[in-house]
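Visitor: My questions will all concern the structure given below.
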Amino acid sequence: MELRAELLKSIWYAFNSLDTEDSGKVSKSQLKVLSHNLYSVFRIPHDQAALEQHFSDDDDGPVSSQGYMPYLNKFILDKVVEGTFDKEQVDELCWTLCSKKNYRPNGAAVLSNKDAGRLWCLFNFLSEDKYPLTLVPEEVDYLLKKICAGLSVELNSVDVEEFWSQECVQEGMSVWSFLELVNSGVLGRGLERERLSSAIEDVYREMVGNVLKEGYLWKKGHLRRNWTERWFCLKPSVLSYYTSEDRKECKGNIELDQNCCVEVLPEREGKRCMFCVKTLNKTYEMSAPDSKQRQEWTAAIQLAIRLRSEGKNSLHKELKLRRQEVREERERRQALREQETQRLQDLQGEKEQKQVELELLKEAQKQAQATLLQEEERRRKQHQELQRALEEQLQQAEEARASMREEMAQKEVEAERQRRRIRELEELQQRLEEALHQEIKARQDEENYRYTQTRLLAEEEEKTKALLSLQEEQEELLEEMQKEKRELRREMEEKAGALEEAHRQLESVRASRHRLDQDIAAAQRKQRQASTNVKHWNVQMTRLMHPIGPGGALLSLLLFTLHSVTDCSMKESSRNANHGVQLRTKSHPSKKTGKKSQLDCCAGCAESGEGSEY
């Protein structure tokens, strides 16, 4: 997850650099090119089908970062495997895209494009996972102080404070403002570019490259046991050594884990400032240039072993998290202090307000007492005046009461007369109301009767129409039924005639079949008689036969005549029998079957066993 978060920071800059109109959207054709480049630097196979399918709808339409994120996560970042690609190449690709749009240094800039790219990577490393990416003032000071430490110069705090006040970025600084701040000479005036580049590269390798320490050390060989100077590079998980500082040829790696340890060795073999790194399989002896370097190397290796045992991969990520926690704790405490101060101010204000209210209440009480006394005096005077007025009114009332009694007597007589008149009027009104109610009820009954009469007339008219329509339908049905009866009667007569004709034909067929049966019996008798005769003549001929001599011609003629007579009698009997079969076949519906049966009968007679005796 940490790797994905770091990669998304760089890709976010690349995506925004393609947004030329600053609308928050990028054309799909440009995103296709960006996706192809990401496939290449991440060294994963290009999924052209998925790319085309994702961007199949309106290839020229713009896409926001939220619309591009699903494709980026599913088809690119989910396939990325740590260790199979070079993250520095990814950063170079994204820096190349975003620097063309946003980084435009003036002629007095102290940073080269490579140094600006390194600072851009350091900025992304120290920034939090909040978009748009910014760097808080404390992290800016920390990064600038790290670079100044590599340059061995003091940070110009005055310029930094002026820059903060000018930019009004108390909540955070963008990377382009940060690069502008560095180009303004905040790190020092008149610095050489090579020296600044070297310091930035060292800080980059230490923080982004996760290098705890690197430098030349003497190492003792395992086979030849000789001492060779190597360039060592220490990371939390491994201590690598190379032939030279360019790190092109790696001679070996020492894997560091919780089973490793580092020890200081005494001087021997003409070497001083020695120490060794012990693993489970080997012990590596090394020599530092001086005791200070040895102490730094042993402390760095112990730190790498501790980080590996704690499962941490980066020292500066841990330091960044600690600084973030400290800032959050400080902000929390500041918020608590502000809340407490605000609460105290609110309490003080409430106290002052209550004091003012108390003073006002006291003043109001004094005014109320004075007003009460004045009101009491006024009421006492009014009471006295009212008492005198009441006495005068009481005397006048006594006089008026006497006159009123006389008037009341007269008015009582007049009232009695009026009450009698009112009772008479009420009785008259009651009789009029009863007459009016009776008239209204009579009119309502008349209206109801008329409404009922109208409804009955309408129903009668509807039923009359329905009856007429039913009569017409009944007449039509009667006519149709009569027609059908006549047709049925005609069909029945035709079928009765056909039935009688069929009975007559059946009787004639039965008579014919009876005659045929008699003819067949006579033919069979004749056939039996002819067979008997044939057998008799065969016996006689057998007796008379002897070897043929000169008179053999007469005997041959006699035999031929006998055979002819026999053959004719057989044909006659067969013809009579076939005639009877043919007559029976005619009574059957199939004529063809009767003809075939006749032919089969003749053929059977011709091939029968009786003819074999001739």
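The values are calculated or read from the model by the stated rules, or taken from the named source; none is laboratory data. If you're wondering where the values come from, they're calculated on a predicted model, not measured in any experiment. Glycine also receives a Cβ, built like all others from the backbone with ideal geometry; neighbour counts cover every protein chain displayed. We work out accessible area using only protein heavy atoms, side chains counted, and drop any ligands, DNA or RNA first. Shrake-Rupley method; radii C 1.70, N 1.55, O 1.52, S 1.80 Å.
Visitor: Search segment 266-282 for residues being charged (D, E, K, R) and within 18 Å of GLN293 (Cβ to Cβ), and hand back the single one that is surrounded by the fewest Cβ atoms within 10 Å (Cβ to Cβ).
Guide: Filtering first and then ranking leaves GLU267.
Visitor: Tell me yes or no: at least one residue of segment 187-206 is within 56 Å of the chain's Cα centre (by Cα), within 15 Å of LEU143 (Cα to Cα) and outside any helix (DSSP H, G or I).
Guide: yes
Visitor: Would you confirm whether any residue within segment 337-359 is in a helix (DSSP H, G or I) and in contact with a Pro (Cβ under 9 Å, 6 or more places away or on another chain)?
Guide: Checked against the condition, which is being in a helix (DSSP H, G or I) and in contact with a Pro (Cβ under 9 Å, 6 or more places away or on another chain), segment 337-359 yields no hits at all.
Visitor: While we're looking at this one, here's another question. What strands (runs of 3 or more DSSP E) completely inside segment 254-310 contain at least 1 residues that are touching a helix residue (DSSP H, G or I) at 6+ places or on another chain (Cβ under 7 Å)?
Guide: 261-265, 274-278
Visitor: Give segment 290-326 a look and list any residue that's of a type in the set (A, V, I, L, M) and free of Cβ contacts under 8 Å to residues at least 60 places away in the same chain, or say none.
Guide: Matches in segment 290-326: ALA299, ILE305, LEU319, LEU321, VAL326.
Visitor: Keeping to segment 210-253, report how many residues are assigned to a loop (DSSP other than H, G, I, E, B) and of a type in the set (Gly, Ala, Ser).
Guide: 3
Visitor: Ok, one more. Within segment 28-77, can you find the residues that are in a helix (DSSP H, G or I), at pLDDT below 80 and open to solvent by 60 Å² or more (accessible area, probe 1.4 Å)?
Guide: Within segment 28-77, GLN48, ALA49, GLU52, GLN53, HIS54, GLN66 qualify.
Visitor: Yes or no: segment 299-312 includes at least one residue that is surrounded by 14 or more Cβ atoms within 10 Å (Cβ to Cβ), under 26 Å from GLU139 (Cβ atoms) and acidic (Asp, Glu).
Guide: There is no residue in segment 299-312 that is surrounded by 14 or more Cβ atoms within 10 Å (Cβ to Cβ), under 26 Å from GLU139 (Cβ atoms) and acidic (Asp, Glu).
Visitor: Considering only segment 103-127, state which residues are surrounded by 16 or more Cβ atoms within 10 Å (Cβ to Cβ), touching a residue at least 40 places away in the same chain (Cβ under 8 Å) and among the small types (Gly, Ala, Ser).
Guide: ALA109, ALA116, SER127
Visitor: Still on this structure, I have one more. For segment 1-27, give me each residue that is open to solvent by 10 Å² or more (accessible area, probe 1.4 Å) and in contact with an Asp or Glu (Cβ under 7 Å, 6 or more places away or on another chain).
Guide: Correct list: LEU3, ALA5, LYS25, SER27.
Quick grid of which residues meet (1) without any contact (Cβ under 8 Å) to a residue 60 or more places away in the chain; (2) among the hydrophobic types (A, V, I, L, M, F, W, C); (3) out of contact with any Gly (no Cβ under 7 Å at 6 or more places or on another chain); (4) surrounded by 10 or more Cβ atoms within 10 Å (Cβ to Cβ):
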site	(1), (2), (3), (4)
GLN339	yes, no, yes, yes
LEU344	yes, yes, yes, yes
LEU358	yes, yes, yes, yes
GLN367	yes, no, yes, yes
ALA389	yes, yes, yes, yes
GLU399	yes, no, yes, no
GLU406	yes, no, yes, no
LYS411	yes, no, yes, yes
ALA415	yes, yes, yes, yes
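Visitor: Got a sec? Which of LYS87, LYS100 is touching a residue at least 40 places away in the same chain (Cβ under 8 Å) and over 30 Å from LEU319 (Cβ atoms)?
Guide: LYS100 is the lone residue from the list that is touching a residue at least 40 places away in the same chain (Cβ under 8 Å) and over 30 Å from LEU319 (Cβ atoms).
Visitor: Would you mention how many residues in segment 152-176 are touching a Ser or Thr at 6+ places or on another chain (Cβ under 9 Å) and either modelled with pLDDT under 80 or not β-branched (Val, Ile, Thr) (or both)?
Guide: Number satisfying all stated conditions: 8.
Visitor: Could you tell me whether any residue of segment 186-194 is more than 27 Å from LYS292 (Cβ to Cβ), in contact (Cβ under 8 Å) with a residue 24 or more places away in the chain and open to solvent by less than 10 Å² (accessible area, probe 1.4 Å)?
Guide: yes
Visitor: Residue by residue through segment 128-152, note down the ones that are open to solvent by 50 Å² or more (accessible area, probe 1.4 Å), more than 20 Å from ARG193 (Cβ to Cβ) and part of a loop (DSSP other than H, G, I, E, B).
Guide: ASP129, LYS130, TYR131, PRO132, THR134
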